[in-house]
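Asks: Questions regarding the structure given below will be posed in turn.
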Amino acid sequence: MSTVIYVRVSTTGQVLNGVSLENQIDRCNHYASMHQYAEPIVLADEGISGKSTNRPGFQSLLEMIKKKQVDNVIVYSLSRFARNIIDTVNTIEMMNKKGIGFHSITESIDTTSAVGRYFLFTLSALAQLEREQISERTKSVLQYKKSKGERIGSIPYGFSLAGDKKTLVENTEEQSVIQIIVESKLKQNFSYNDIISRLNSMKIKNRAGNDWHRSQVITLYKLHCQMNNK
């Protein structure tokens with residue numbers, strides 16, 4: 001019987017949880033040996049999120065499943081296999097229809113039994129629920145910060161951090177540069193290259209202290225127009 005071990009790790013997972021690729025492979029090999037499965041083939045995805053199935057190792061596994069080139073699939077845990085309940089259920093159902101066993105050693109799941117399949121779907125549902133709750137909490141926090149005028153991500157050009165290191169306030173010097181760009185375009189119909197020439201002639205540098213790029217000028221102009229409905 002042919003056996004495939006599938007392992008995956010993201011940078012965060014490896015550092016925080018200690019489930020390195022080597023650790024997963026060792027545990028899965030031990031499981032395969034205990035159950036007297038054939039020498040396993042190892043498919044691995046390193047530093048890739050489990051939210052999507054668009055992973056090289058996972059896609060290779062799917063091809064083997066579709067072609068019935070494997071009899072058993074062993075993973076360290078469900079979280080290493082997939083994070084989305086739909087992806088998990090669809091893949092396991094495909095294996096079940098082809099008579100391929102799925103084994104998750106951390107959760108002690110063996111889909112060759114009815115009980116194993118039941119626990120698999122239950123645990124997958126819980127994992128999906130947890131991920132969606134985290135996503136909802138993150139969106140809620142970002143929306144709250146935005147409503148309070150607090151920084152989200154990098155500080156946009158034209159603004160600086162207030163003394164509380166959270167709230168954005170207008171940067172007078174950078175706002176004046178934006179006004180030069182906008183007025184040059186709207187009132188004088190300058191091209192973007194002409195605007196860059198004007199800024200260079202005025203010895204005005206971008207935030208990094210370099211000459212302006214066309215893409216930077218275009219972005220600032222369009223953002224200003226969007227914010228002011230021009």
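The values are calculated or read from the model by the stated rules, or taken from the named source; none is laboratory data. In this text, all values refer to a predicted model and were calculated from it rather than measured experimentally. Every residue, glycine among them, receives a Cβ derived from its backbone with ideal geometry; neighbour counts consider all protein chains shown. Just the protein is used for accessible areas: all its heavy atoms, side chains included, with ligands, DNA and RNA removed. Shrake-Rupley method; radii C 1.70, N 1.55, O 1.52, S 1.80 Å.
Asks: Given the conditions (1) within 26 Å of the chain's Cα centre (by Cα); (2) closer than 23 Å to Leu126 by Cβ; (3) surrounded by fewer than 13 Cβ atoms within 10 Å (Cβ to Cβ), report the number of the one that Ala114 does not fulfil.
Replies: (1)
Asks: Test of understanding: among Thr88, Thr3, which residue is crowded, with 17+ Cβ neighbours inside 10 Å, more than 21 Å from the chain's Cα centre (by Cα) and hydroxyl-bearing (Ser, Thr, Tyr)?
Replies: Answer to the check: Thr3.
Asks: Moving on to the next point. So, of the residues in the stretch 153-170 that are not hydrophobic (A, V, I, L, M, F, W, C) and not in a loop (DSSP other than H, G, I, E, B), which turns out to be farthest from Ala208 (Cα to Cα)?
Replies: That would be Thr167.
Asks: Would it be correct to say that Val73 is β-branched (Val, Ile, Thr) and in contact with a His (Cβ under 9 Å, 6 or more places away or on another chain)?
Replies: Judged against the criteria, Val73 is a match.
Asks: Can you pull out the residues in the stretch 118-165 that are of a type in the set (Lys, Arg), under 27 Å from Asn206 (Cβ atoms) and at pLDDT below 70?
Replies: Residues satisfying the conditions are Lys145, Lys146, Arg151.
Asks: Further, regarding this structure: Checking Val70 against (1) modelled with pLDDT under 80; (2) surrounded by 15 or more Cβ atoms within 10 Å (Cβ to Cβ), which test does it fail?
Replies: (1) is the only condition that Val70 fails.
Asks: Checking Gln175 against (1) in a helix (DSSP H, G or I); (2) open to solvent by 70 Å² or more (accessible area, probe 1.4 Å), only one condition comes out false. Which one?
Replies: Failed condition: (2).
Asks: Need the failing condition index for Val4 against (1) assigned to a strand (DSSP E or B); (2) at positive phi, just the number.
Replies: In the conditions (1) assigned to a strand (DSSP E or B); (2) at positive phi, Val4 misses (2) alone.
Asks: For Ser79, indicate whether it is in contact (Cβ under 8 Å) with a residue 40 or more places away in the chain, buried (at least 19 other Cβ atoms within 10 Å of the Cβ) and not hydrophobic (A, V, I, L, M, F, W, C).
Replies: Taking the combined requirement at face value, the residue satisfies it.
Asks: Check Gly47 against each of (1) open to solvent by 80 Å² or more (accessible area, probe 1.4 Å); (2) at positive phi; (3) in contact (Cβ under 8 Å) with a residue 12 or more places away in the chain and name the one condition it does not meet.
Replies: Of the numbered conditions (1) open to solvent by 80 Å² or more (accessible area, probe 1.4 Å); (2) at positive phi; (3) in contact (Cβ under 8 Å) with a residue 12 or more places away in the chain, the odd one out for Gly47 is (1).
Asks: Select from the stretch 18-70 the residues that are touching a strand residue (DSSP E or B) at 6+ places or on another chain (Cβ under 8 Å) and among the β-branched types (Val, Ile, Thr) and write down the one among them that is farthest from Asn84 (Cα to Cα).
Replies: My answer is Ile41.
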